[in-house]
1. Count the net charge of all other residues whose Cβ sits under 12 Å from the Cβ of VAL261, scoring Lys and Arg as +1 and Asp and Glu as -1.
2. How much length is gained on full extension from SER154 to THR20, taking 0.36 nm per residue of separation minus their Cα-Cα distance?
3. So how far apart, in nm, are the two label points at LYS316 and PHE171 if each is 7 Å from Cα heading toward Cβ?
4. Based on alpha-carbon positions alone, could you give the equivalent ellipsoid semi-axes of the stretch 127-187 from the gyration tensor, as √(5λ), descending, whole Å?
5. If amide H atoms are built 1.01 Å from N in the plane of the peptide, which residues on other chains or at least 5 residues away come under 5 Å of the amide H of LEU284?
6. How much length would be gained if the chain were fully extended between GLU285 and SER301, taking 0.36 nm per residue of separation minus their Cα-Cα distance, in nm to one decimal?
7. Taking the Cα-to-Cβ direction at GLN70 and at ILE129 and moving 7 Å from each Cα, how far apart do the two end points lie in nm?
8. Using 0.36 nm times the number of residues separating GLU42 and LEU114, minus their current alpha carbon distance, what extension gain do you get?
Amino acid sequence: MEPWTGFFTTPTKDGILSKTIYHDDQIRAVVFGFGQSQELSEHTAAKTAMLFFVKGEASVGLGDDVQEAQAGTWGPHASRIEALYQGKDASSDAAGIDEARIPMFMIRAFAVWLVIIATETVHGILRGILLVPIVGDLPARQIGVLIGSLLIFSVAHLFCRWIAARTKLQFVAIGLLWVVLTVLFEIGLGRLVLGMPWSSTRYDGTKGPKPMNESRYLVKQLTDELATPESGKQSIVLIDNAKTKVILFTFAAGAGLAEHVAPFDATIQIISGRAALTVGGESLEGKPGTWIQMVAKTPHSIKAETPVVMLLTLVK
């Protein structure tokens with residue numbers, strides 16, 4: 001029989017090698033060589049099988065149980081084999097990899113989170129283009145919560161087996177990872193990339209939607225509340241209660257809102273700047289002091305000709 005020991009050369013760090021060294025009607029012997037952190041995903045064997053580890057260390061899954069294996073470990077066929085450490089050979093030393101590395105299931109969970117973020121970004125863009133003009137911003141966001149939840153669930157379900165988490169604790173760790181990454185992503189994108197103030201992020205603890213204080217009044221200097229962006233638009237909710245919602249918008253020159261409708265009676269007030277508005281099909285010039293009242297579901301739009309600060313009030 002061909003000597004099998006000669007097959008055990010160190011695989012590349014990104015690969016898995018295998019070779020059948022013996023095969024008859026009753027027995028089949030297959031030698032595997034795993035690169036660092038490579039794995040065989042969960043599977044089943046058609047016949048009773050045994051595993052024997054010649055060198056290296058690995059995490060072995062059998063049903064719902066996970067055990068560590070090393071040179072000399074022998075046991076029944078495992079449903080999942082993930083190579084953890086091959087030993088002190090040239091390839092592993094050169095890569096600087098040791099037992100403190102990030103588990104593979106967490107790396108895969110991070111990759112799935114990127115898919116979720118991309119999916120939700122596309123969902124948000126389509127919601128603004130297709131849904132907001134039909135039902136208005138608030139109902140569109142409410143519908144978006146349901147659709148977004150279904151999308152996240154679908155992506156997670158699709159990639160669940162690929163992530164290959166084995167225990168409840170691992171699944172909890174993945175959930176916490178996704179929550180932390182999402183919060184950091186939204187804060188980082190708004191604050192560091194777009195330069196938005198804390199008041200325009202949903203995680204701000206000092207500003208944002210607030211009721212009247214105990215003295216039953218609220219004072220705001222609108223021009224200082226939200227910076228005018230260099231491009232696009234920004235908004236902040238000043239008041240949101242059972243009867244009224246007040247939103248402050250700032251637009252860069254050339255930015256605006258495409259024609260849409262609001263589900264409630266509303267007023268528009270131009271605080272500063274000039275803009276071209278359409279209300280119920282009529283074109284209007286917006287300038288400081290312009291005040292417009294609209295009944296519910298009146299089509300309207302705005303395009304800033306200069307940097308604009310606008311106050312929108314919805315009467316529920």
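1. -2
2. 44.3 nm
3. With each label point 7 Å from Cα toward Cβ, the separation is 3.6 nm.
4. Computed over the stretch 127-187, the values are 30, 14, 8 Å.
5. So LEU284 has HN proximity to LEU277, THR278, VAL279.
6. Roughly 4.6 nm would be gained on extension.
7. 5.7
8. Result for the pair: 23.6 nm of gain on full extension.
We did not get these values from a lab; they are worked out from the coordinates using the rules stated. For clarity, every value in this text was computed on a predicted model and none was experimentally measured. In this analysis, Cβ positions are derived from the backbone assuming ideal geometry, glycine residues included, and neighbour counts consider all displayed protein chains.
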